[in-house]
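To start, the structure under review is shown below, and the notes come after it.
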Amino acid sequence: MDDRIMSASSSRYGRHTVFYALGLGIAALALAPALAVAATDTAPPSFETCRTDLIAWAAAHDVPQAVAQAQLGALEPDPDVLAATRNQGEFVWPIWDYIEASVTPARIEAGQRKLAELATPLAAIETKYGVDRYTLVAFWGVESTYGTVLDNLSVVKPVVRSLATLSCGDPTRAAYWRDELTAALQILARDEAPLDKMPGGLTGSWAGAMGHTQFMPTVYQQHAVDFDGDGKRDIWTSATDALASTANYLRAHGWRSGEGWGHEVVLPETFDAALADETTPRSLAAWRDLGVKPAHDRAIADESAQATLILPAGIRGPAFLLRPNFAVILRYNTALAYALTVALLSDRLRGDPGLSRDWPRGDRALTGDERRDLQSRLTERGYATGDVDGKIGPKTRAALRAYQGSQGLPADGYADPALLERIRAAP
Ligand code: CA
């Protein structure tokens, strides 16, 4: 897996959220890492057989037989859900398109209204969990456009049907989906979701993420909290509960109170792009000594604080110093584009200005075939990218930097069509 945190098995949420996120709509679908389709010589069991097995499994795992039977007994698979898994990863937008689909003037303005409306509970959540309100509201805005999509029955889907479809139709991750389905059934059995207020029943994204901040069922079980004091952990109709649950999740994954995610920086005219390797932390003082300056005036309280440098669109685009909290945002979703979207929306909600440097907008994104071609050509030349899976993650970017360095190019690890043409033309 060529993805920043995908190997962290403790993150049950991890890679799934981005394409589950309702707020990003089709952008979110396109951003998702592709699920590899396993080659298999034997025909998979029929949906009916699989469904029967799921009922037995659930009944053996804290779901009353009657609930499992009622929920699954007559269920048919949802072909749209399987189509969505197959379509992931092939169509990719440039990173700035993802960011700008979410960090819009309308979403900034709506978020600032929510900050005002919910000022009292947000202050209490900040105090209890140590996560700032701007970050929490940014997650909310990205995940569900502040909850506005949750009642849109043309967008959300029945969670049990989606997860049963995936359990039986996605053999590469069947156990993951089965466990999420079991958790969803347990939530129903325990009467935790206020179904009387949910016209579509227990609904979520096509992959089963639920509520204002889009928790998978197992994440709900581990991290959801009742913060408004009605005795229910209600992430579906209580924004306060959902925001506190997200704060609880972030704190559990190491959020550092009082620190931001990082900030945009300006690089000196001549700069070794290889220093932006996204893995080597240096102190803010060390970065300053390398000529890396904050893009906007900001007070740096602690120059010994560590940060890594990233160039998400190469040396021609904006540069960012990332503090440890950025890695916590990535625990919600492992896609760099996702995490940067949340981070930049949180800044705008706080009242900070937009980016000082524009993106290299003339570039188009590589297609899935092109990304795999690039990876296999790099690998052939001795620059290992991990899997040839079409995902441009840290390993592929490291391989790109090594290749670029060998060619005397700026080693920014950015995969663009010009670089692909160059490597295709080389002997
Ligand atoms: Ca509650």
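What residue, of L153, L195, is surrounded by fewer than 18 Cβ atoms within 10 Å (Cβ to Cβ), more than 30 Å from D97 (Cβ to Cβ) and in contact with a Gly (Cβ under 7 Å, 6 or more places away or on another chain)?
L195
Answer yes or no: is there a residue in region 71-78 that is touching a Ser or Thr at 6+ places or on another chain (Cβ under 6 Å) and acidic (D, E).
Yes, because at least one residue in region 71-78 is touching a Ser or Thr at 6+ places or on another chain (Cβ under 6 Å) and acidic (D, E).
With S356, S346 as the choices, which residue is open to solvent by 30 Å² or more (accessible area, probe 1.4 Å) and at pLDDT 95 or above?
Being open to solvent by 30 Å² or more (accessible area, probe 1.4 Å) and at pLDDT 95 or above holds for just one of S356, S346, which is S356.
Of (1) modelled with pLDDT of 90 or more; (2) over 18 Å from the mean Cα position of the chain (by Cα); (3) surrounded by fewer than 18 Cβ atoms within 10 Å (Cβ to Cβ), D41 satisfies all except one. Which?
With respect to (1) modelled with pLDDT of 90 or more; (2) over 18 Å from the mean Cα position of the chain (by Cα); (3) surrounded by fewer than 18 Cβ atoms within 10 Å (Cβ to Cβ), D41 is out only on (1).
Can you name the number of the only condition in (1) buried (at least 24 other Cβ atoms within 10 Å of the Cβ); (2) over 22 Å from N87 (Cα atoms) that R323 fails?
It is condition (1) that R323 fails.
Do any helices (runs of 4 or more DSSP H) entirely within region 73-137 hold 2 or more residues that are open to solvent by less than 60 Å² (accessible area, probe 1.4 Å) and among the charged types (D, E, K, R), and if so, which?
105-117
From the set of residues in region 227-262 that are surrounded by fewer than 23 Cβ atoms within 10 Å (Cβ to Cβ) and among the β-branched types (V, I, T), which is nearest to the ligand (Cβ to nearest atom)?
T240
Of all residues in region 138-148, which are within 12 Å of T213 (Cβ to Cβ) and in a loop (DSSP other than H, G, I, E, B)?
T145, Y146, G147
Within region 167-201, track down each residue that is under 18 Å from D80 (Cα atoms) and assigned to a loop (DSSP other than H, G, I, E, B).
Within region 167-201, D170, G200 qualify.
The values are calculated or read from the model by the stated rules, or taken from the named source; none is laboratory data. No experiment lies behind these values; they were computed from the predicted model shown. Methodologically, a virtual Cβ is constructed for each residue, glycine included, from the backbone with ideal geometry; neighbour enumeration extends over all protein chains shown. Heavy atoms of the whole protein, side chains included, go into the accessibility calculation; ligands, DNA and RNA do not. Shrake-Rupley method; radii C 1.70, N 1.55, O 1.52, S 1.80 Å.
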